[in-house]
Amino acid sequence: MRKPVMSGNWKMYKTPAETTAFFEKFRPLVEKSEHCEIVICPPFTNLAAAVEAAKGTRISVGSQNVAWAKDGAFTGEISGPMLKAVGVAHAIVGHSERRQYFGETDETVLKRTQAALEFGLTPIVCVGERLEERESGATEAVLTKQFQKGIAGLTPEQFAKIVIAYEPVWAIGTGKTATPDMAADAHRAIRAQVRAAFGRAAGDAIRILYGGSVKPDNVKSLMAQTEIDGVLVGGASLDPVGFASIVNF
């Protein structure tokens with residue numbers, strides 16, 4: 001059985017003090033939640049506060065990005081060793097907002113994923129199609145291209161350590177959600193790519209999360225799909241009570 005990963009991406013919200021306050025409310029609500037892994041990805045400035053607040057719990061802290069280099073002249077980037085030094089365990093790679101606003105490509109996604117693995121972080125690698133791609137019937141072609149260029153270049157040993165997140169761009173922060181069946185179809189297409197590239201066992205083992213307007217009232221129907229191995233939650237992860245109810249679906 002694949003252990004679900006229930007993860008929250010705070011995007012550009014909260015201060016360190018607000019992070020500490022969130023964890024004070026959130027911790028007791030999930031202290032018995034052994035059925036899943038819990039990952040919270042706050043902004044870089046809040047990572048130290050989050051790691052401190054998560055001490056002694058099963059909650060992992062992740063970053064929202066990771067540089068492809070160990071160090072160097074990369075203004076505005078943060079490297080794997082820097083994140084590890086703060087106590088970070090995961091890193092989101094290739095989120096649709098990074099692709100849409102900051103020029104992230106499938107090629108840089110692969111480089112960032114490799115760097116995360118090199119420095120001991122678990123990458124949550126994001127793939128997903130835009131609305132016009134969905135409406136023109138190109139969803140599977142887009143997912144195939146993103147997989148081939150952004151993930152398939154990993155070695156089997158590297159691939160075994162990643163998590164994939166399917167997040168249709170048209171459902172990010174829009175209130176629109178892929179139906180459970182639509183999400184499961186996309187997950188099946190990704191899993192087929194995995195089996196073709198890395199073998200059946202890898203396809204059976206890889207955890208594929210769904211992201212895109214996940215809320216307490218739709219998480220149950222999403223998680224009822226056997227293809228869906230967890231969620232990557234945006235706005236709904238900012239509220240400790242709401243996110244705890246998602247974790248405890």
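As a test of the definition: which semi-axes, in Å, follow for the stretch 11-98 when you take the square root of five times each eigenvalue of its alpha carbon gyration tensor? Largest first, please.
Here the semi-axes work out to 24, 13, 12 Å.
Have a look at the DSSP beta bridges in the chain and tell me what percent are antiparallel, nearest 5.
0 percent
Could you give the length gained by full extension between VAL86 and LEU29, i.e. 0.36 nm per residue of separation minus their alpha carbon distance, to one decimal place?
18.0 nm is the gain from fully extending VAL86 to LEU29.
Roughly speaking, what is the stretch gain from LEU131 to LYS3, that is 0.36 nm per residue apart minus the C-alpha to C-alpha distance, in nm to one decimal?
Length difference between fully extended and current span is 43.1 nm.
Could you tell me which helices of the chain pass both thresholds, a Cα extent of 15 Å or more along their own axis and a mean Kyte-Doolittle hydropathy of at least -0.5, with helices taken as whole DSSP H runs?
16-30, 180-198
For ALA202, what is the net charge nearby, where nearby means another residue's Cβ is under 10 Å from its Cβ and Lys, Arg count +1, Asp, Glu -1?
+2
May I ask for the Kirkwood hydrodynamic radius of the stretch 143-249, worked out over all distinct Cα pairs and given in angstroms to one decimal?
Result for the stretch 143-249 stands at 14.3 Å.
Roughly speaking, what is the stretch gain from ASP217 to ALA205, that is 0.36 nm per residue apart minus the C-alpha to C-alpha distance, in nm to one decimal?
So the chain would gain 1.5 nm between ASP217 and ALA205.
Summing +1 for each Lys or Arg and -1 for each Asp or Glu, what net charge is found among the other residues whose Cβ lies under 11 Å from the Cβ of GLU140?
Net local charge, GLU140 excluded: 0.
Beyond 29 Å between alpha-carbons counts as too far, so tell me which of LYS70/LYS176; LYS14/LYS145; LYS3/LYS215; LYS11/LYS176; LYS11/LYS111 fall in that bin.
Correct reply: LYS70/LYS176; LYS14/LYS145.
Please compute the contact order of the chain in relative form: average sequence separation of alpha-carbon pairs under 8 Å and at least six residues apart, divided by the residue count, as a percent.
Relative contact order of the chain: 21 percent.
Where a number appears in this text, it was derived from the coordinates with a stated rule and is not lab data. Keep in mind the model is a prediction, meaning the values are calculated, not measured. Counting neighbours? That spans all protein chains shown, and the Cβs are built from the backbone with ideal geometry, glycine included.
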